[in-house]
Every structure is written in C-alpha cells, then in structure tokens.
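Chemist: Have a look at this one before I ask anything.
The values are calculated or read from the model by the stated rules, or taken from the named source; none is laboratory data. Computed from a prediction, not measured in an experiment: that's the story for all the values here. No Cβ is skipped: glycine too gets one built from the backbone with ideal geometry, and neighbour counts run over all protein chains shown.
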Amino acid sequence: MDTTGCGDSYCGGFIAALARGLSVKAACDVASAVAALVATGMGSDAGVVDWEQTRAFMAAHRP
C-alpha cells in the first residue's frame, strides 16, 4: 500500500463531485473512494482512471 497522494486525491475527488452537482455528503463519499483507489497502487496517480471507474468501485464496496 502506498498512500502517497491520497490527501490530494481526496480533495480532487471532493471538488469533482461538487462540480457534478453532488451533495457535500455524496462528495465526501466520492472523495473517500478516490483516495482509496489511489492507495491501491504505487505512486500518487495510480489507481484512479476515470469517473465511471470510481463510481463502479463505490458500488462494489458499498456497505
């Protein structure tokens, strides 16, 4: 696990979700998923491909 860039990606995911019109709570959920995806790879840009992949990850890992 490499957490490099997870905080930055959280912020980016949060802003991207707000820009798409999601609520603050939903934006936090997206941001957490983006940060989790980044932690799955090595390096600060690993793990996240696009919006659809992030939403699929969220659907697959939703409690």
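Chemist: If I go through the range 1-54 residue by residue, how many of them are touching a helix residue (DSSP H, G or I) at 6+ places or on another chain (Cβ under 8 Å) and acidic (D, E)?
Modeler: Number of matching residues: 3.
Chemist: Right, something else. If you go through the range 36-53 one residue at a time, do you hit one that is at pLDDT below 95 and among the aromatic types (F, W, Y)?
Modeler: Among the residues of the range 36-53, at least one is at pLDDT below 95 and among the aromatic types (F, W, Y), which makes the answer yes.
Chemist: Restricting to the range 15-51, what's the tally of residues that are within 9 Å of the chain's Cα centre (by Cα) and aliphatic (A, V, I, L, M)?
Modeler: 9
Chemist: How many of the residues making up the range 46-60 are assigned to a loop (DSSP other than H, G, I, E, B) and surrounded by 10 or more Cβ atoms within 10 Å (Cβ to Cβ)?
Modeler: Of all residues in the range 46-60, those assigned to a loop (DSSP other than H, G, I, E, B) come to 46-50.
Imposing the further condition that a residue be surrounded by 10 or more Cβ atoms within 10 Å (Cβ to Cβ) reduces the set to 46-49.
The number of residues fulfilling the criteria is 4.
Chemist: Report, by residue number, each residue of the range 32-53 that is within 12 Å of S9 (Cα to Cα) and hydroxyl-bearing (S, T, Y).
Modeler: S32, S44
Chemist: Those residues that are free of Cβ contacts under 8 Å to residues at least 24 places away in the same chain and not β-branched (V, I, T), I need them from the range 1-19; list them, please. Walk me through it before giving the result.
Modeler: Within the range 1-19, the first condition is being free of Cβ contacts under 8 Å to residues at least 24 places away in the same chain, and the residues that meet it are 11-12, 14-15, 17-19.
Answer for the range 1-19, where residues must be free of Cβ contacts under 8 Å to residues at least 24 places away in the same chain and not β-branched (V, I, T): C11, G12, F14, A17, L18, A19.
Chemist: Anything in the range 15-45 that is in a loop (DSSP other than H, G, I, E, B), exposed (fewer than 15 other Cβ atoms within 10 Å of the Cβ) and either among the aliphatic types (A, V, I, L, M) or in contact with a His (Cβ under 8 Å, 6 or more places away or on another chain) (or both)? List them, or say none.
Modeler: Passing the criteria: only M42.
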